[in-house]
Amino acid sequence: MRILFMGPPGAGKGTQAEIVAGHFGIPAISTGDIFRANVAQDTELGVEAKRFMDAGEYVPDEVTNLMVRNRIDEQDAEKGFLLDGYPRTLAQVDELDGMIRHTGHRLDGVVVLTVDPVELVARLTARAESEGRADDTEDVIRRRQEVYTEQTEPLIEVYRQRGLLCEVDGLGEVEEVTQRILDALAGVEES
Ligand code: AP5
Ligand code: MG
């Protein structure tokens, strides 16, 4: 099973990715989480990524692509993976296509979580208080939303045309959303 989760900041990608990946017994790979872990450990990658993350901008494709390539080469991802927050640009789509083709597999499905902007801001503002993530400030939240609209929304059409898109309503209780995702993926055939 090779699936992707897309959706604007705060849509619930990370929350749902952990649960759904557990359900399928595959690793949930979050580019945002890997970057944050590197920032916390003050690695070279972390220092480079932090400048972009703190401003709500995307980390350059070359850096992100290499990081994902290394991660999905790890043994636990051999049987499949759930990517949370990658790809986010058209260049990343091409890169991922190459990575998957190289292993002789194919992408099975793309889940897009939809949530209206007012709820998104409410969720991230609430998280700012509980977790204090560096990029959950009002200005940076707004910029992350703009960057998503400009650079990532166009990917939805790409995957729709490939017949891979599962659009899922992300509003409601976490368990309800999980069930919708599993229902949407029930039609997806494993490669
Ligand atoms: P990333 O960490 O992926 O952040 P994001 O896309 O802004 O999304 P979030 O993690 O904020 O939201 P989410 O959709 O995961 O929702 P969550 O489950 O947390 O990326 C951070 C940065 O890293 C980027 O800005 C960029 O700089 C860089 N980056 C990452 N990937 C990159 C890439 N591919 N290319 C280049 N740069 C990249 O939920 C949000 C909140 O809502 C939580 O508090 C949660 O508890 C709550 N919640 C979840 N579900 C529900 C529900 N159903 N009802 C009510 N509350 C809910
Ligand atoms: Mg997340």
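The values are calculated or read from the model by the stated rules, or taken from the named source; none is laboratory data. No experiment lies behind these values; they were computed from the predicted model shown. Reconstructed Cβ throughout: ideal geometry from the backbone, glycine too, with neighbour counts over all protein chains shown.
Mind listing whichever residues of the stretch 1-17 are more than 7 Å from ligand 1 (Cβ to nearest atom) and either surrounded by fewer than 17 Cβ atoms within 10 Å (Cβ to Cβ) or among the hydrophobic types (A, V, I, L, M, F, W, C) (or both)?
Passing the criteria: MET1, ILE3, LEU4, PHE5, MET6, ALA17.
Could you pull out the residue among GLU129, GLU95 that is modelled with pLDDT of 95 or more and either part of a helix (DSSP H, G or I) or surrounded by 15 or more Cβ atoms within 10 Å (Cβ to Cβ) (or both)? It would help to see each step written out before you state the result.
On the way: GLU129 fails: modelled with pLDDT of 95 or more.
GLU95 is the lone residue from the list that is modelled with pLDDT of 95 or more and either part of a helix (DSSP H, G or I) or surrounded by 15 or more Cβ atoms within 10 Å (Cβ to Cβ) (or both).
Taking the stretch 20-47, which residues are more than 11 Å from ligand 2 (Cβ to nearest atom), surrounded by fewer than 16 Cβ atoms within 10 Å (Cβ to Cβ) and on the phi < 0 side of the Ramachandran plot?
Matches in the stretch 20-47: GLY22, HIS23, ALA37, ALA40, GLN41, THR43, GLU44, VAL47.
For residues that are away from ligand 2 (no atom under 16 Å from the Cβ) and closer than 13 Å to LEU4 by Cα, scanning just the stretch 98-122, find the one that is surrounded by the fewest Cβ atoms within 10 Å (Cβ to Cβ).
Of everything passing the filter in the stretch 98-122, ARG106 is surrounded by the fewest Cβ atoms within 10 Å (Cβ to Cβ).
Filter the stretch 77-92 down to the residues that are surrounded by fewer than 20 Cβ atoms within 10 Å (Cβ to Cβ) and within 14 Å of ARG2 (Cα to Cα) and list them by number.
ALA77, GLU78, LYS79, GLY80, listed by residue number.
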